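The values are calculated or read from the model by the stated rules, or taken from the named source; none is laboratory data. On a predicted model such as this, the values are computed, not experimentally measured, just so you know. Ideal geometry is used to build each Cβ from the backbone, glycine not excepted, and the neighbour counts take in all protein chains shown.
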Ligand SMILES: [Zn+2]
């Protein structure tokens, strides 16, 4: 077992740590609830986040057979904007603000081989290097989970932007003055195509008199909709179709901008609803596509690495940086 690196995926709900070898295989992993979810005091959240990352990384390193104190590259994908110094500047589904995440983890672990990137960018890189995107050079990925994230690879290069805020597909505006987003603005793609939006689409259909196994639930949560869809509930499947049509419209703009070979759908929610989400998204994207009669639409595929994409991508980025450092 050579060339191990640790990858950490900090999402709005879950924090995952994996030991990843040079072939992209996860040889050990641990999952924790994200201690810095929305609503937690920002200062407390930052300290808790560092402690959880460091403790879990040590545990996973031990499980992977690394001796205590071994220094292997550690990559962290964080659900938000990242400064060039590795500060967790802002995330709409996590509560830390301008928090020195990289410095905190470096201090806690006692070595400096730590890289912090955006979580959806990490997942995109994971799929590009070791998942569904292995054979392409131009890829767009959308992750549907607590929010909507994403990433783009253009001619083999991950586009993270000048300040680390690039790839935030979820905050592209798809409806001026539309539904309120977690970021505070209105009409973002995330407001229509996230897990929370899935529940809202279902509630709207129920309020309009639709029949469903979800009738009578006091509060409809995203997991209620995915469970109902799994039972064949037509209203739940229609709610997924609505989400997919919004997602497809957002992706059509990206196809106009970037002309990718492949569009990948990933994220925790899409892992459960992919078989309905894929056709609805593909249809909406293709209908909205520029010059559709004169070109082939990009393939739209489900991600293949599941919830390991982020940790694999983060570990890979940290390992590659270690190799190229002067
Ligand atoms: Zn937004």
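Descriptive notes on the structure:
- Strands (runs of 3 or more DSSP E) contained in segment 1-115 and holding at least 1 residues closer than 24 Å to residue 305 by Cα: 5-10, 14-20, 26-33, 74-78
- Of the residues 132, 169, the single one that is buried (at least 20 other Cβ atoms within 10 Å of the Cβ) and either modelled with pLDDT of 95 or more or outside the structural domain of residue 258 (by TED's automatic domain parsing) (or both) is 132.
- Residue check, residue 201 assigned by TED's automatic domain parsing to the domain that holds residue 248 and surrounded by 20 or more Cβ atoms within 10 Å (Cβ to Cβ): yes
- The listed residues are 19, 57, 5, 88, and the only one of them that is within 24 Å of residue 148 (Cα to Cα) and within 21 Å of the chain's Cα centre (by Cα) turns out to be 88.
- In summary, helices (runs of 4 or more DSSP H) completely within segment 138-241 and bearing 3 or more residues that are within 13 Å of the ligand (Cβ to nearest atom) and touching a residue at least 12 places away in the same chain (Cβ under 8 Å) occur at 189-193.
- Selection status of residue 238, assigned by TED's automatic domain parsing to the domain that holds residue 169, at pLDDT 95 or above and surrounded by fewer than 17 Cβ atoms within 10 Å (Cβ to Cβ): no
- Check on residue 39, touching a helix residue (DSSP H, G or I) at 6+ places or on another chain (Cβ under 6 Å) and on the phi > 0 side of the Ramachandran plot: no
- Single condition residue 318 does not satisfy, out of (1) more than 16 Å from the chain's Cα centre (by Cα); (2) part of a helix (DSSP H, G or I); (3) in the same structural domain as residue 146 (by TED's automatic domain parsing): (3)
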